[in-house]
Amino acid sequence: MAQPTPARTHHDWWRSAVIYQVYVRSFADGDGDGTGDLAGVRARLPYLAELGVDALWFSPWYQSPMKDGGYDVADYRAIDPAFGTLAEAEKLIAEAQQLGIRTIVDIVPNHVSDQHPWWRAALAGGPERELFHFRPGRGDHGELPPNGWRSEFGGPAWTRLPDGDWYLHLFAPEQPDLNWAHPAVRQEHEEILRFWFERGVAGVRIDSAALLVKDPRLPDFVEGRDPHPYVDRDELHEVYRSWRAVADEYGGVFVGEVWLPDSERFARYLRPDELHTAFNFSFLACPWDAGRLRASIDETLAEHAPVGAPATWVLCNHDVTRTVTRYGREDTGFDFATKVFGTPTDLALGTRRARAAALLSLALPGAVYVYQGEELGLPEADIPRDRIQDPMHFRSGGTDPGRDGCRVPLPWAAKAPYAGFGSHQEPWLPQPAHWPGYAADLQADDPGSMLTLYREAIRIRRDTPGFGDGPLTWLPSPEGVLAFARGDGLVCVVNLADTPTELDGHSRILLTSGPLDDQGRLPRDTAVWLLG
Ligand code: GLC
């Protein structure tokens, strides 16, 4: 069993960490009812320790009617009964800690579930109405929404209640937005942070972190007019400064879900008294192209440097197309707006590139996120239309396939029922017929598997000084080839050109994402870690 190393116990652990995202519902099913749970995670902690990750980020595990996969929270202090109990979560946090693995919880501050007590009290006409955004409609009879804001999932961001008023929901109607101008909303969230820090969590992921504050006048959005009525409002920084003071009491860290095109605006969230880190979505969305990737890496490093925050590197998560699928398509970038059913995909090509991308991202300066199943090389699954659950699909009018394809329950054992996810009941989302071929037990002993590559890469990354936080130096390289040095003589080369590239002047090959050719050259769509 892996022992905690200095990298895991150092107070700056988050600057160089490998953080594994657990989507509990689909990770492992301990009680066999078809839904993943905390018992399943606890049983798989040895697997995660062997993978070598420093921390686990749990997508929301709170009590929820699951209208948006748990991002609709009914009680931020209770575990959903389908997942387990608070006592089990506490045990899980402690057991993971014993293996040197920290826990990060996911806080959803922009909205609550329509089953949250505040929303129920608001609907009953209580003073809790002030905690949300209620407005009369426009038009002679109030029949038009108060403004033209659109939901992130499609359709209007307003729903009318039987009493005639409208309420705001930037996501699904079952996720009413909170009014962050109200002090009770702020106070409640600081108490929720304390609640989880007191239970031993090391960090908090902040959902939709740039959307909380709305212009109180709720004006229409006008393209090109700043500031935006609800994205990236300046008032947010004051919220995060006071959150930071709470986190500092516990030594906790934040990672913000901040999707912003403007890198200068993005970096403001990472000032020393605000969030420690934020997800790097421009790298995630970047196509498989050497010039574009290099530009994305340079821009990332340049935007983080002035605020002293480490970068993060993310290839996928529970919202986006799985990496091996994305890289196997003609358009290798990611954009929610362009997702359609039936995009042709070359999985062998995508897998080769995803292996190379794993070595690329694990060699870059900062922290790396691995989404469950990424280490198994799982592709995006096609979900039969009548089994789709994601509100994004329904609110697009059925044109967007939604996000369920990256949320399919994991295959653990090739020969077991439901590929070892659970036992007696079919998983909540159907697994494709080829799923057992990706099972962790098959891959564990296969030197050529994705799992072996991730294990090896993470092990080398931990054991070799120079990886993680620190400087990066680009090396001269042919067109279409990325080559950079880290630490004392570490070199990462990624070949995105059509032809093989020479590897000169190194003393040792630490790891390759695929075999070199018979002349010792690095083939296309392959990466290598070298010692100079
Ligand atoms: C974030 C989550 C996504 C969720 C949305 C609303 O983008 O990652 O899964 O649907 O917020 O909470």
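The values are calculated or read from the model by the stated rules, or taken from the named source; none is laboratory data. The shown structure was predicted, so the numbers you read here are calculated from the model rather than taken from an experiment. FYI the Cβ positions are ideal-geometry reconstructions off the backbone, even for glycines, and counts take in every protein chain you see.
What to note about this one:
- Candidates ASP262, ASP248, ASP319, ASP289, filtered to the one that is surrounded by fewer than 16 Cβ atoms within 10 Å (Cβ to Cβ) and closer than 30 Å to ALA381 by Cβ: ASP289
- Checklist (1) in the same structural domain as ILE206 (by TED's automatic domain parsing); (2) in contact with a helix residue (DSSP H, G or I) (Cβ under 6 Å, 6 or more places away or on another chain); (3) away from the ligand (no atom under 16 Å from the Cβ) applied to ASP68, failing item: (3)
- In the condition set (1) within 16 Å of the ligand (Cβ to nearest atom); (2) free of Cβ contacts under 8 Å to residues at least 24 places away in the same chain; (3) of a type in the set (Asp, Glu), ASP386 is compliant with all but (1).
- Test: residue in the stretch 68-83 that is in a helix (DSSP H, G or I) and in contact (Cβ under 8 Å) with a residue 12 or more places away in the chain: no
- Entry remark, the stretch 402-433: residues being assigned to a helix (DSSP H, G or I), within 16 Å of the ligand (Cβ to nearest atom) and not charged (D, E, K, R) number 2 in total.
- Annotation: of all residues in the stretch 153-170 being part of a loop (DSSP other than H, G, I, E, B) and within 20 Å of ARG217 (Cα to Cα), the one that is nearest to the ligand (Cβ to nearest atom) is LEU170.
- Filter result for TRP61 (touching a residue at least 40 places away in the same chain (Cβ under 8 Å), of a type in the set (A, V, I, L, M, F, W, C) and either within 30 Å of PRO465 (Cα to Cα) or more than 16 Å from the ligand (Cβ to nearest atom) (or both)): no
- Criterion (among the β-branched types (Val, Ile, Thr), assigned to a loop (DSSP other than H, G, I, E, B), farther than 30 Å from ASP12 by Cβ and out of contact with any strand residue (DSSP E or B) (no Cβ under 6 Å at 6 or more places or on another chain)) met by exactly one of THR351, THR399: THR399
- Check on PRO229, in contact (Cβ under 8 Å) with a residue 24 or more places away in the chain, within 27 Å of VAL105 (Cα to Cα), surrounded by fewer than 20 Cβ atoms within 10 Å (Cβ to Cβ) and not hydrophobic (A, V, I, L, M, F, W, C): no
- Close pairs from the stretch 476-490: first touching a residue at least 60 places away in the same chain (Cβ under 8 Å), partner β-branched (Val, Ile, Thr), Cβ under 6 Å, at least 6 apart: VAL481/THR501; LEU482/VAL494
- Test result for PRO117, under 28 Å from PRO183 (Cα atoms), at pLDDT 95 or above and either aromatic (Phe, Trp, Tyr) or within 16 Å of the ligand (Cβ to nearest atom) (or both): no
- Of the residues making up the stretch 297-333, just one is out of contact with any strand residue (DSSP E or B) (no Cβ under 8 Å at 6 or more places or on another chain), among the aliphatic types (A, V, I, L, M) and within 16 Å of the ligand (Cβ to nearest atom), namely VAL320.
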